[in-house]
1. List the residue pairs whose Cβ atoms are under 6 Å apart, where the first residue sits in the stretch 53-72 and is closer than 17 Å to residue 32 by Cα and acidic (Asp, Glu), the second is at pLDDT 95 or above and in a loop (DSSP other than H, G, I, E, B), and the two are 6 or more positions apart or on different chains.
2. I'd like to know if the stretch 54-61 contains one or more residues that are part of a strand (DSSP E or B) and modelled with pLDDT of 90 or more.
3. Could you list, in sequence order, all residues of the stretch 131-180 that are over 16 Å from residue 36 (Cα atoms) and acidic (Asp, Glu)?
4. List every residue pair whose Cβ atoms lie under 6 Å apart, where the two residues are 6 or more positions apart in sequence or sit on different chains, the first residue falls within the stretch 265-292 and is on the phi > 0 side of the Ramachandran plot, and the second residue, located anywhere, is surrounded by fewer than 20 Cβ atoms within 10 Å (Cβ to Cβ).
5. Take the stretch 68-77 and flag every residue that is part of a loop (DSSP other than H, G, I, E, B) and surrounded by fewer than 21 Cβ atoms within 10 Å (Cβ to Cβ).
6. Among the residues that make up the stretch 211-220, is at least one of them of a type in the set (Asp, Glu), in the same structural domain as residue 278 (by TED's automatic domain parsing) and more than 25 Å from residue 290 (Cβ to Cβ)?
7. Here's a check for you: in the stretch 160-198, which residue that is of a type in the set (S, T, N, Q) and more than 30 Å from residue 236 (Cα to Cα) is surrounded by the fewest Cβ atoms within 10 Å (Cβ to Cβ)?
8. Would you mind telling me which numbered condition in (1) closer than 23 Å to residue 145 by Cα; (2) surrounded by fewer than 22 Cβ atoms within 10 Å (Cβ to Cβ) residue 94 fails?
Amino acid sequence: MPVVALIWVAMATGTAQAASRLNVVTATEDLAALSHEVGGDRITVEAIAKGYQDPHFVEPKPSFLLKLQKADLLVVVGLQLEIGWLPPLQTQSRNNKIQVGASGYLDASRFCRILEIPSGEITRAMGDVHPLGNPHYWLDPENGRHIAKALADKFGELQPADAAYFEQRYADFDQRLGVAEKGWEAKMAPYRGRKIITYHRSWPNFCERFGLDVVDYVEPRPGIPPTPSHTLDVINTMKRENIKLVLVEPYFDLRTPNSIAEKTGGMVLQIMPSVGGTKEITNYFQLFDYNINLLVNAFAKLK
């Protein structure tokens, strides 16, 4: 076959493969990473929010609309995490496949164990409380497993010819995650019960899974910036209970946490709540590797 003909065949084959792939858009890089784990080369996947951004506050851009207009599936964290920016983009995309309730819309929270579901009346005085529960649930690997299974099932529903492929990819992910979990738990076992302070309520699932006790927060209430009186309370709590570690997400100002650490002889540790929070974290496994290694090293120094 002439070279030109071979080139045309290769181009046609590549185009056909690209056309047959599911076009997946996710709200966050965590969901994109899990989508890639089970979707492999039978999907394309793009995240809207970057891992170094606060996913509660994402500035809408025209490029996001273009992604959503072409999507076969939109995967969201849910629990109102994206309520401030994603619903208008969905509506403006005019893509019926990805509207709430449509076959191309997947709320990952429906498949996970959700913590901190408030009871009673919720008011603005309580800060940015999520009425449906804490949305940072992907930070427990068991929830990551549930999300991956839901994705595999949804991919198979939308692309039945590849359903067996997606199920095999999920089974492989599940096996690798089980091995990784044993390693993470072994590393954290010596530090179960350690008391810590965190900036925001990002870590209940992670801390419950790995046995850390969050005693207080740098924020006086969720989404409310630190105040002098609350900062003093945190300092006094750390001194009284001999707490030495303050965990801070990458998108918060370090000045108050650094001041707290300075006054208590403690340490500020910037850890990552999402894939893509730093260049070293490109997949779901690396998210836990990175954070657990940081924590273990910090605890070892703070003996």
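The values are calculated or read from the model by the stated rules, or taken from the named source; none is laboratory data. Here the structure is a predicted model, which is why all the values come from computation and not from measurement. Every residue, glycine among them, receives a Cβ derived from its backbone with ideal geometry; neighbour counts consider all protein chains shown.
1. 72/104
2. Step one: filter the stretch 54-61 for residues part of a strand (DSSP E or B), giving none.
Looking for residues that are part of a strand (DSSP E or B) and modelled with pLDDT of 90 or more, one finds none in the stretch 54-61, hence no.
3. 140, 142, 157
4. Correct list of pairs: 276/50.
5. Filtering the stretch 68-77 down to residues part of a loop (DSSP other than H, G, I, E, B) leaves 70-72, 77.
Passing the criteria: 70, 72.
6. Restricting attention to the stretch 211-220, the residues satisfying the condition of being of a type in the set (Asp, Glu) are 213, 216, 219.
Now narrow it down to the ones that are in the same structural domain as residue 278 (by TED's automatic domain parsing): 213, 216, 219.
Imposing the further condition that a residue be more than 25 Å from residue 290 (Cβ to Cβ) reduces the set to none.
Within the stretch 211-220 (the criterion being of a type in the set (Asp, Glu), in the same structural domain as residue 278 (by TED's automatic domain parsing) and more than 25 Å from residue 290 (Cβ to Cβ)), the answer is no, since none of the residues qualifies.
7. First, the residues of the stretch 160-198 that are of a type in the set (S, T, N, Q): 168, 175, 198.
From what's left, more than 30 Å from residue 236 (Cα to Cα): 168, 175.
Details: 168: 13, 175: 10.
By that ranking, first place goes to 175.
8. Failing condition for residue 94: (1).
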